[in-house]
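Trainee: Can you keep this structure in mind? I'll have questions shortly.
What follows draws every value from the coordinates through simple rules; no lab data is involved. Bear in mind the structure is a predicted one, so any value in this text is a computation, not a measurement. Please note: Cβ atoms are built from the backbone with ideal geometry, for glycine as well, and neighbour counts cover all protein chains shown.
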Amino acid sequence: MGASCKKYLNINTNPNQATSATPELILPQALTATASTLNVYNTYGAELVGYSANAGGYGGFGTSITYNFAASDFSANWSNTYDNLEDYQTIINETSTQLPAYGYFNAVARIMRAYDFQLLVDAYNDVPYTDALKGTDNLTPTYTPAATIYAGLADQLDSAIATINATTAATGVAISALGSSDVLFKSDMTKWKQFANTLKLRLVVRGGTKVSFKNTTFSSDGFLASDALINPGYTRDNNRQNPAWNNWGFAYTGGDANKAWIPSKFILAFYNGNKLQDPDRGAVAYYQFPSTGTNQLGYESVDNPKCPSGSFWYSGSERSGTAAGNSAGILKGPNAGYPVMLAAESYFLQAEAAVRGIVTGDAKTAFNNGVKASYAYLYMKPDGTGASDADLTSMVSGYQSDNSTSALVNFDLATTVDMQIEAIITQKYIALNYISSQESWNEYRRTGYPKIVNGSADAVQTFASTQSQSTRPDKLPTRIQYPSSEGSYNPRNVPKNISVFSSLIFWAK
Amino acid sequence: MRKFLSLLAVWACFCMSVNAQTKMITGKINDLTGTPIVNASIIIKGTHSGTTSDALGSFRLPAKKGDVLVISAVGYNPMEMKLGGQSDLALQLATGNKIMDEVIVTAGGIKSRRREVGTANTVIKATALTAGKAVNIASGLQGKVAGLNISGTSSGVNPNYRLVLRGQRSLTGNNQALVVLDNVIVPNALLAQLNPEDVDEIVVLNGSGAAALYGSQASNGAIIVTTKKGRKGAAEIHVANTTTIESVAFYPKIQKKFGAGGTAYGLDLNGNPLFNYLENQSYGPAFDGVKRPLGAPLEDGSQDSAVYAYNPGHFKFWQHGITNQSDFSLSNGDDNSTFYLSGQYSTTTGTTPGDHYNRATVRVNGTRKLGNKLNVVYNTTYTQNRYDITSQTGSMYSQMLNMPSNVDITRYKNWRTDKFANPNGYYNPWYQNPYFTADDYRSKQRNDYLTANIELRYTPVAGLDLVARQGIATKNNSYKNTIGAFKYTTYAKNTDQSSKSDISASVGDASTYNTELLTDAFLQYIKKAGDFSVNLIAGGQWRQDQAKYVAMSANGLVVPNLFNVSNGVGTPGVGESDFETRQIGAYGDVRFGYKNYLYLHGTARNDWVSILNPDNRTFFYPSVDLSFVASDAITAIKESNTISYLKVRGGWSKVGQVNLGYTTGDAPDYGAYYLVPTYSSTNQGFPYGNLAGYSVGNTLVSPSLKPEITKGYEVGFDLNLFKNRFVSNVTWYDTKTNNQTVNTAISNSTGFTSLRTNTGQTQSRGIELTAHMTAVQTRDWNVTVGGNYTYLDNKVNFISAALPNLSLSTYSSTAGSYAVAGKAFPVIMGYDYLRDPQGHVIVDHLTGLPTKADTISFLGNAVAKNRLSLDLSVSYRHFHLSALFEYRGGYKVYNSMGTELDWSGTGYRTAAYNRQSFVYPNSVYEDPNKPGSYIKNTTVAIANGNGNNGFWTDGINRDVTSNYVTSGAFWKLREASISYDIPTSVFGKSKIVKTATVSVQGRNLFMWLAKDNLYTDPEYSDAGNDSNGIGLTGLNQTPPSRFYGATISVTF
């Protein structure tokens, strides 16, 4: 063929989509996708761990109230996480040959990869890890045992911290700073290292003796002391709202979001005095508190309260969809950052680690910091402004005196390790309410806290569905099914005979 | 020569003086199938007086009693008849021995005599195509061609048709036949835009032998449409009007015993579930004929009600659709030119209330001789389509199923004025009033097609033609989809269980164009020397396809009823894409003939395409075929009284086809830009202000994609017996397609969701058989019966070790249509119950409940193995009756609407055990004492055979695909028509009216489905017209329809 023919035919360059992208362009999208993924996990956790119950006006809750999960239930957990993981893996692949110049991008992507993989393991136990994310090199990845993944993730976090340190120390090379690509810590590498440490702490605390970690010490950077929030610039616009607000608050057009769910009677008991008195957090977390509409999961009747526009998780008084959303609370507004990890979670992990001797430190201080951090997060508005330190301190002490006999609030009253763990996990359950619900579900399955009365019909005593088909004493499921796509496209490797009532995540009780 | 003779005859006619005994005789000449014979010669024996028949087979001739008329036409046995007293004749000519000399248009517009062609083909004449007065040519072709599977894959005012010849070859690429209109390759969609009345004939080339002249797209066979040309002689004007009524022919089978309510509302003393006036699910008590409230009381205190008894108004939502079609054509010509002009206007209202469609087409065709050596042909057609339809067919269907069957839906028509029909007062809080939905969710579409071609044919010396052609097919399309706002009253939002939420207005608007240019230049050389002949063609082809799509949308429209993108809140959604591809082909085609009975034909072509990498972009493919007319070559056969014609033929061919992207459908990308993975810039709301973000695409691309290669052979024979009263042809073929370009779903854990690669092989083999017998043939009567039969063994030989199966089209990545190695192509895969080795469902020995299998399994092949068409044609003088039946069988279909039916409790299955506890039929349970062996279950019953959360609504029923997989077998009365040629004498002595015909006709008049198919027409495809994932039906197709109407047509 002649040159003119070649020219005639060489027109296959894509004018519509990019065919390459730099780490600087992939990272902000990947972090934002993590926030969207977490919103999916939050919904899953909230349904399972008793934060939410079916609202009046809706039917068709099916497996959400029977727990007899099919492969299609919550399958977005799987697909969204692996999709997000591929973004991080691409950054890792693109940067691994460009160290130390792209060391920060490389390390951050590995930290987030560890974060995502823990989400998967905690939901599914064994998942493809070693063979995963290899594209055409492995189309049917094998499943790595969950405990092995945990150990591997802890190593990765150590190594990511080392990469950050090496990058910072490198001389004679132009280092690419994260810059505006970092929509999580705004290029603050110390916070990234603290985040990595805290993630490793979560792995070590949760994995416990069931995992052979290579190294259970933590770098000197310390643990996360502020809320880790992803915010690329969320705003009231098409596809640009905070994912939780978009899901449960209002559509950007002002239309109603999902109204099928309302708070459970079980969780309200931790605010309204049925179990604990917490008027300050109750009022900021819930609309119309203490008369917030509640239900017991599985109870379907005409007297079931309906979900108001904007939901009960948005406490603001501005209820017009086109104006609502500059509020403190759980749902704050369309432009609020999305929590990847609350400072409160970090403190409660530190408290538990101290109780168990994993780290040295004062469990009580960490516990109280956790409670205070929870108040601080809930009282923070979308723009980051919030209650003063003095106000927070007084609210926390009010909380302690309102519940002066409760070991769940006053750490000194928790005299045994079990009581301390119960206090820590129960406070974490309250702090993560409808924010990082999947973590509460993980902790319930690991520790059995918050305590429930097995088989009770009383909505305050258990969060299990009244229509539960679970065969367990607590009437709860133990896990969800692998998605059907694995049965279809990776049938040889996907673990078989998974029971949602008896197959346990490796760290579960 | 024939035309020359005819002209002489006409001239002679004018010269003759009409004497006293002579009167004007009129007549009409048909073949035995009722098709008019054009250009037949009618001469009075022993004179030069005569005429020829016109486009409708009609003629006028002055003659007198006792004259003998000699009627002859090429391809037919001549006939003589003595005139009695008649003045209006209905004549029929039998197909003659010359049939093999009939000229048909084959690939590239090359005219060949039948005897020369070594591959299977079918010719459909205009009258056969339009007998049923189908608006769409595809539906007019249904059942008429062996080996051609035409499925109406959707419903609505202008349904889609999928045309597949000889089964599917490509796993995920295009398998539809190539459509060629007047020598120009056009998008398949154009078939639906063509005025059927403009079609002169359609030639179907079943195999891939045509690929040399059309390029690789013809590997799926070709449908060659030739439109009418003007005729020499006096101007002829044809006008016709057809009115067709469409009515729903089949509704899903529903239970008629139980109404709204369910166990969620408690049980009565007898343990039966309670009634509830809000519930959409029909799991309430048995109908008792008592009037009961319907929905919550309205704000004014009034409350809707309905008698609690089955009401057949359930499906009356779908109304009669009406199509009105007017045709006009004008034909003229002289020695140097011909001219054909036509117009058609049709308006259609659908069975869905409010759906409208109209189409207008104009066509100008012409030929012109310039001197002795240059001939010019031009064809132009312009079609404009206007749709105004609802965008919510599927949800409206679902709304109707979620309506207890005591409710008469037609009461809710006037939702603007009737408080119980208004969304505020409509009784069902979860499912909208379908009449409201139909009005509120609209799609207005316009698409305009311009198709044109010019051909210059230069003949410097006899036998040598130089031909140049330029074709264009272009489409301009735009649509506006709108959703109107609805604000509910506070009362409506907060009454009882209401979950009514305000509807925010939105608009989506798009404009697109596609332009496909095709240039051909070739020479043809024909030479005959003694017993030998040669016909050589060599040429080149250039093709360029371009498309542009721009779409935008806005939500939360501020000013009511202003459906403009600028009227939204927030950033409008926008999208833009451009595509351009090119292809060059160089081809040769040679046919050697020996003694008029042996023909060897070979082709070769090389393509260069822009859409593959330079290393893989060129590919070569040859073909060869042989035709042997035994009835001419072998004396014993030639002299046989039984065998009138026998041709034996066979061929082998290889074709490459690049199957990337979308080459068919409404928005083709022509396979451009598929070689490199992409990154998306719009995920997760990006960009946020100045902050851009890109996500890694989810499709992997293997490094060097290649064309798919199809190789195969066909052998067959054409056999006519008993002086051509029995006509038949039989073909056996076998093709294999390698290097499948596959876009398959893969495990998310790879980091991706799909992979594009070359792997796998499919095979398609089968028998095509056509036979017709003229059972009765007298002067007044003619009865012909016959049909065609297709056996198709279409399978996937292998895919790849890493991909055991490949999803083509699925519902939430599970149940659906799959390609599976070693199985038919495609198959239905989905969940089944765990079964013992004998196939009995294993139930739990305590609960009686079956267990859903962990993984999906094979549930049946989705491609019809056997297809049979039977046609009947009866003529009695001026009356003509024809009917066409079609059968398809040997395949399964997954009816996804079954899950919705069972959910809503209107499903027939849900009342199979009267809503009582029941023993799962044909079940076994594992012997508790002897694991691994099973005991027949006659005692362990499923406790909850009822209820909103009972067996029927639960995943254990609805998630099990096999519960809704049924036989796809059907018989349909595809077409039936009766026509009557009005004797022109009724129009008086004036010669203005040449012919007039009235007819009544119907299509899809009756449908007989397999007994287990409770749902819908198995011909539908929920995966869409262009997907290979056939075998799935759903709620997006309205119930199947029958069409019946009447036509009057007059020629002046």
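Trainee: Please report the projected area of region B:398-485's Cα convex hull averaged over all directions, in nm².
Mentor: Numbers: hull surface 43.2 nm².
Result: a mean projected hull area of 10.8 nm².
Trainee: For region B:513-658, max minus min Cα coordinate along each principal axis, in Å, sorted largest first?
Mentor: Projected onto the principal axes, the Cα atoms of region B:513-658 cover 86, 43, 24 Å.
Trainee: Let me ask another. Ratio to report: Rg/Rh of region B:524-595, with Cα atoms as the point set and Rh obtained by the Kirkwood method; give two decimals. Show your work: numbers first, answer last.
Mentor: Working: Rg = 28.4 Å, Rh = 17.8 Å.
Taking Rh as the inverse mean 1/r over Cα pairs, Rg/Rh reads 1.59.
Trainee: Compute the separation of the alpha-carbon centres of region B:345-363 and region B:435-501 and state it in Å as a whole number.
Mentor: Taking the Cα centre of region B:435-501 as reference, the centre of region B:345-363 is 13 Å away.
Trainee: Using Cα centres only, tell me the gap between region A:401-438 and region B:46-94 in whole Å.
Mentor: That distance is 106 Å.
Trainee: If you wrap a convex hull around the Cα atoms of region B:177-221, how much volume per residue is inside, in Å³? Spell out each step's value before the answer.
Mentor: Details: hull volume 3.1 nm³, N = 45.
Convex hull of Cα atoms, per residue: 70 Å³.
Trainee: Another question, then. Once the Cα gyration tensor of region A:69-212 is diagonalised, what are the square roots of 5 times its eigenvalues, in whole Å and ordered largest first, as equivalent ellipsoid semi-axes? Present the calculation step by step, with values, prior to reporting the outcome.
Mentor: Values: eigenvalues 149, 61, 39 Å².
Largest first, region A:69-212 gives 27, 17, 14 Å.
Trainee: Determine the dipole magnitude for chain B: charges of +1 sit on the beta-carbon of Lys and Arg, -1 on that of Asp and Glu, nothing else is charged, the reference point is the Cα centre, and the result goes in debye to the nearest 20. Write out the running numbers ahead of the final one.
Mentor: Values: 93 positive and 77 negative charges, 631 e Å.
In debye, rounded to 20, chain B gives about 3040.
Trainee: Okay, moving on. Could you work out the relative contact order of chain B, using alpha carbon pairs under 8 angstrom and six or more residues apart, expressed as a whole percent?
Mentor: Working: 3031 pairs, mean separation 117.3, N = 1052.
11 percent.
Trainee: Filter the GluC sites (Glu not before Pro) in region B:867-969 down to the DSSP loop ones having no more than 14 other Cβ atoms within 10 Å, then list what survives. Kindly include the intermediate steps, with their values, before the conclusion.
Mentor: Details: sites: B:Glu886, B:Glu900, B:Glu926; in loops: none.
Filter output for region B:867-969: empty list.
Trainee: For peptide A:59-70, what's the mean number of Cβ atoms from other chains within 10 Å of each residue's Cβ? Before the final figure, lay out each step's value.
Mentor: On the way: counts 12, 7, 1, 7, 3, 0, 1, 3, 0, 3, 1, 9.
Partner-chain Cβ atoms within 10 Å, mean over residues of A:59-70: 4.
Trainee: Here is a further query. From other protein chains only, count the Cβ atoms within 10 Å of every residue's Cβ in A:47-57, then give the mean. If you can, show how the numbers build up before the last one.
Mentor: Working: counts 0, 0, 0, 0, 0, 0, 0, 0, 2, 4, 12.
Partner-chain Cβ atoms within 10 Å, mean over residues of A:47-57: 2.
Trainee: Can you give me the distance in nm between label points at A:Ser397 and A:Gln288, each placed 7 Å from the Cα along the Cα-to-Cβ direction?
Mentor: 3.6 nm
Trainee: Within region B:583-689, which trypsin sites (Lys or Arg not before Pro) sit in a loop by DSSP and count at most 13 neighbouring Cβ atoms inside 10 Å? Intermediate values should be presented prior to the final figure.
Mentor: Values: sites: B:Arg591, B:Lys595, B:Arg605, B:Arg617, B:Lys638, B:Lys647, B:Arg649, B:Lys654; in loops: B:Lys595, B:Arg617.
Passing both the DSSP loop test and the Cβ count: B:Lys595.
Trainee: Can you compute the equivalent ellipsoid semi-axes for the protein assembly as shown, i.e. the square root of 5 times each eigenvalue of the Cα gyration tensor, sorted largest first and rounded to whole Å?
Mentor: On the way: eigenvalues 960, 273, 173 Å².
Working through the eigenvalues yields semi-axes of 69, 37, 29 Å.
Trainee: Once you put a point 7 Å from the Cα of B:Asp1012 and another 7 Å from the Cα of B:Asp496, both along the Cβ direction, what distance in nm separates them?
Mentor: If labels sit at B:Asp1012 and B:Asp496, their model points lie 3.9 nm apart.
Trainee: In whole angstrom, note down how far apart the Cα centers of region B:101-133 and region B:987-1029 are.
Mentor: The distance from the Cα centre of region B:101-133 to that of region B:987-1029 comes to 23 Å.
Trainee: At a threshold of 8 angstrom on Cα-Cα distance, excluding pairs fewer than six apart, so keeping six or more, what relative contact order does region A:391-443 reach in percent? Numbers along the way, then the final one.
Mentor: Details: 30 pairs, mean separation 10.8, N = 53.
The value is 20 percent.
Trainee: Another question about this same structure. For the protein assembly as shown, build the charge dipole from Cβ charges (+1 Lys, Arg; -1 Asp, Glu) around the Cα centre, then report which of B:Val783, B:Phe522, B:Tyr435 sits farthest towards its positive end.
Mentor: B:Val783
Trainee: Going down the table (B:Lys229/B:Lys994; B:Lys444/B:Lys500; A:Lys265/A:Lys428; B:Lys256/B:Lys892; A:Lys259/B:Lys413; A:Lys451/A:Lys509), which pairs top 22 Å between alpha carbons?
Mentor: B:Lys444/B:Lys500; B:Lys256/B:Lys892; A:Lys259/B:Lys413
Trainee: So, with +1 on the Cβ of K and R and -1 on the Cβ of D and E, and no other charges, what is the size of the charge dipole of region B:330-474 about its Cα centre, to the nearest 20 debye? Don't jump to the answer; show the numbers that get you there.
Mentor: Values: 15 positive and 11 negative charges, 41 e Å.
Roughly 200 debye, rounded to the nearest 20.
Trainee: May I pose another question? For a quick check of your reading of the filter: which chymotrypsin sites (Phe, Trp or Tyr not before Pro) in region B:652-751 sit in a DSSP loop and have no more than 13 other Cβ atoms within 10 Å? List each step's numbers first, then the result.
Mentor: Details: sites: B:Trp652, B:Tyr662, B:Tyr670, B:Tyr673, B:Tyr674, B:Tyr679, B:Tyr688, B:Tyr694, B:Tyr713, B:Phe717, B:Phe722, B:Phe726, B:Trp732, B:Tyr733; in loops: B:Tyr662, B:Tyr670, B:Tyr673, B:Tyr674, B:Tyr694, B:Phe722.
The qualifying sites are B:Phe722.
Trainee: Okay, moving on. Kindly rank B:945-953, B:1043-1051 from highest to lowest mean number of other beta carbons found within 10 Å of each residue. Let's see the in-between values first.
Mentor: Values: B:945-953: 24.0, B:1043-1051: 18.8.
Most protected by this proxy first, the peptides run B:945-953, B:1043-1051.
Trainee: Now a separate question. Counting partner chain Cβ atoms within 10 Å of every residue's Cβ in A:486-498, what's the average?
Mentor: Partner-chain Cβ atoms within 10 Å, mean over residues of A:486-498: 5.
Trainee: Quick one: compute the contact order of chain A, relative version, from alpha carbon pairs under 8 angstrom and 6+ residues apart, as a percent.
Mentor: That works out to 20 percent.
Trainee: Which net charge results for the neighbourhood of B:Asn782, defined as the other residues with beta-carbon distances under 12 angstrom from its beta-carbon, given Lys and Arg at +1 and Asp and Glu at -1?
Mentor: Values: positive: B:Arg725, B:Arg779, B:Arg877; negative: B:Asp31, B:Asp780.
Here the count lands on +1.
Trainee: Same structure, new question: So between B:Lys991 and B:Thr682, what do we pick up on full extension, going 0.36 nm a residue minus the alpha carbon distance?
Mentor: Difference between extended and current length: 104.3 nm.
Trainee: Output needed for chain B: three equivalent-ellipsoid semi-axes, defined as square roots of 5 times the C-alpha gyration tensor eigenvalues, in descending order, whole Å.
Mentor: One finds semi-axes of 54, 35, 31 Å for chain B.
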